[in-house]
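**Q** Have a look at this one.
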Amino acid sequence: METVQDQLLQLIKAKLPPGDALGYVLSETLHISMDAAYRRMRNETALTIDELKKLCKTFDISFDSLILQQKTNVIFRYTPLNAYDFSLESYLEGILEAFERLRHLENPKIMLTINNTHFFQLLNFPQLVRFKLFFWAKTHLQIPDYKNVLFRHEKTSDRAFELGKSILQSYNTIPSVEIFDPELMRGFLRQIHYYYKSNQFEDPTYALFLCDRLLMFSAHLREQAGHGKKFIYGTQVPATGNRFEMYLNETINADSAFYYESKDKQGLFLSHNIMNYLQTTDPQYVQDAKQVIDKQLANSSLISVVNERERNNFFADFEKTIGIFRKKIEVDLELLS
């Protein structure tokens, strides 16, 4: 049976950047020889109390949670809210770090359930991501620095643009199976409309600009679904790789789940606190989640490459909804002029 020592070392291994070997990290952290580190990895030598304390502190692991682990207890990792400075750059850096670890696994694959917002696809249009993060910080979390600040048009920084592009490139290189529902981006549209009605835009016409970007988002997602390939907006469809399987669940996706697997590893990301995320590699929990996703997939229709009629209807409904919200704002602006 897997020991607490095994579990701890697996958690540490999952946190290491690509290319870092567990044996070397143990040797450096505990100031022991490589041979002594490998004996601990093989469970031939037990970690001392001081070594356990140092490893848990260094890698931010709760030892209490580890020793109390039962079938009904699951260990998750997450980034505390106070660790964010709520800039677009810092938020994207955390996502890119996770994607880079995933991309370096052997033959990685991902399965997503999309609950309203598809953040990775949204990165094709940085202005939409800026608005999403601003809304999260100001309205949902009520960060004091945002209290009296209106949302304004502002060019995305070079750093944020490059980070977003790097995330997209990593996401695009990993084959994915993705389940959408009829509520795609509806909540995002309501957020735009809410900010317009509550005078939260420095320039009210910027609400129309965001709606137009959503129409571009829809057209690009439709094109990717038609080809069954993921690619960055404004670039050519790749000849090979970048497989994209888009499924339509005609009811509602209850949550946003990001399941990944490779030759020797499986894990799960779950959204929480609106835009934050939890991560776990707990075998039982990940297996249960995968079973639920598989059942959800079985009740959904494949609309990428095939089922052109159903795919076109899905995007036509989405674009019609965008048009309705846009028209409301446009008419109101005309009345005010």
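**Q** For region 10-28, enumerate the residues that are over 20 Å from residue 75 (Cβ atoms) and either assigned by TED's automatic domain parsing to the domain that holds residue 282 or assigned to a helix (DSSP H, G or I) (or both).
**A** Answer for region 10-28, where residues must be over 20 Å from residue 75 (Cβ atoms) and either assigned by TED's automatic domain parsing to the domain that holds residue 282 or assigned to a helix (DSSP H, G or I) (or both): 23, 24, 27, 28.
**Q** Looking at (1) at pLDDT below 95; (2) within 14 Å of residue 112 (Cα to Cα); (3) touching a strand residue (DSSP E or B) at 6+ places or on another chain (Cβ under 7 Å), find the lone condition where residue 280 falls short.
**A** So the condition that residue 280 fails would be (2).
**Q** Could you check region 131-142 and list, in sequence order, the residues that are surrounded by 13 or more Cβ atoms within 10 Å (Cβ to Cβ) and outside any helix (DSSP H, G or I)?
**A** Narrowing region 131-142 to residues surrounded by 13 or more Cβ atoms within 10 Å (Cβ to Cβ): 131-139, 141.
Correct list: 141 only.
**Q** Among the residues of region 143-166, is any closer than 22 Å to residue 224 by Cβ and buried (at least 19 other Cβ atoms within 10 Å of the Cβ)?
**A** Scanning region 143-166 turns up at least one residue that is closer than 22 Å to residue 224 by Cβ and buried (at least 19 other Cβ atoms within 10 Å of the Cβ).
**Q** Would you please name the residue that is modelled with the highest pLDDT, looking only at residues in region 151-174 that are closer than 30 Å to residue 200 by Cα and among the aromatic types (Phe, Trp, Tyr)?
**A** We begin by selecting, within region 151-174, every residue closer than 30 Å to residue 200 by Cα; these are 151-165, 167-168.
Still in the running and among the aromatic types (Phe, Trp, Tyr): 151, 161.
On the way: 151: 96, 161: 88.
Of everything passing the filter in region 151-174, 151 is modelled with the highest pLDDT.
**Q** Scan region 179-193 for residues that are over 18 Å from residue 315 (Cβ atoms) and crowded, with 23+ Cβ neighbours inside 10 Å and jot them down.
**A** 192
**Q** Cβ-Cβ under 6 Å, sequence separation 6+ or interchain: first residue in region 84-103 and in the same structural domain as residue 163 (by TED's automatic domain parsing), partner at pLDDT 85 or above and surrounded by fewer than 16 Cβ atoms within 10 Å (Cβ to Cβ). Which pairs?
**A** 89/159
**Q** So, in region 1-28, how many residues would count as being basic (Lys, Arg) and touching a Phe, Trp or Tyr at 6+ places or on another chain (Cβ under 7 Å)? Write out each step before concluding.
**A** Just the residues of region 1-28 that are basic (Lys, Arg), to begin with: 13, 15.
Add one more test, that the residue is touching a Phe, Trp or Tyr at 6+ places or on another chain (Cβ under 7 Å), and what stays is 15.
Residues that pass the stated criteria total 1.
**Q** Identify the residue in region 29-44 that is under 17 Å from residue 4 (Cβ atoms), outside any helix (DSSP H, G or I) and free of Cβ contacts under 8 Å to residues at least 40 places away in the same chain and, among all such residues, is nearest to the chain's Cα centre (by Cα). Explain how you work it out, then say what you get.
**A** Step one: list which residues in region 29-44 are under 17 Å from residue 4 (Cβ atoms), which gives 30, 39-44.
The next check asks that each one be outside any helix (DSSP H, G or I); those that pass are 42-44.
Now narrow it down to the ones that are free of Cβ contacts under 8 Å to residues at least 40 places away in the same chain: 42, 44.
Values: 42: 34, 44: 39 Å.
It comes out as 42.
**Q** Further question on the same structure: Of all residues in region 216-262, count the ones that are among the charged types (D, E, K, R) and under 13 Å from residue 124 (Cβ atoms). Talk me through it step by step, then tell me what you get.
**A** Let us first name the residues in region 216-262 that are among the charged types (D, E, K, R), namely 222-223, 229-230, 243, 245, 250, 255, 261.
After this cut, where a residue has to be under 13 Å from residue 124 (Cβ atoms) as well, the list is 222-223, 230.
Residues meeting the conditions: 3.
**Q** May I ask you to list pairs of residues, at least six apart or on different chains, whose Cβ atoms are under 7 Å apart, with the first in region 4-27 being without any contact (Cβ under 8 Å) to a residue 24 or more places away in the chain and the second being among the small types (Gly, Ala, Ser) and surrounded by fewer than 16 Cβ atoms within 10 Å (Cβ to Cβ)?
**A** Correct list of pairs: 27/33.
**Q** Name the single residue, out of those in region 264-280 being more than 10 Å from the chain's Cα centre (by Cα) and in a loop (DSSP other than H, G, I, E, B), that is surrounded by the most Cβ atoms within 10 Å (Cβ to Cβ).
**A** Across region 264-280, the extreme among qualifying residues is 265.
**Q** Residues 261, 245: which one is within 27 Å of residue 276 (Cα to Cα), at pLDDT below 95 and surrounded by fewer than 19 Cβ atoms within 10 Å (Cβ to Cβ)? Steps first, please.
**A** Values: 245 fails: at pLDDT below 95.
Just one listed residue meets the conditions, 261.
**Q** Turning to a different aspect of this structure: Pick out the one residue from 198, 176, 157 that is closer than 30 Å to residue 107 by Cβ and hydroxyl-bearing (Ser, Thr, Tyr). I'd like the intermediate steps shown before the answer.
**A** Numbers: 198 fails: closer than 30 Å to residue 107 by Cβ; 157 fails: closer than 30 Å to residue 107 by Cβ.
After applying the criteria, what remains is 176.
The values are calculated or read from the model by the stated rules, or taken from the named source; none is laboratory data. Small disclaimer: the values here were computed from a predicted structure and weren't measured. Heads up, the Cβs are rebuilt from the backbone with ideal geometry, glycines too, and the neighbour counts pull from every protein chain shown.
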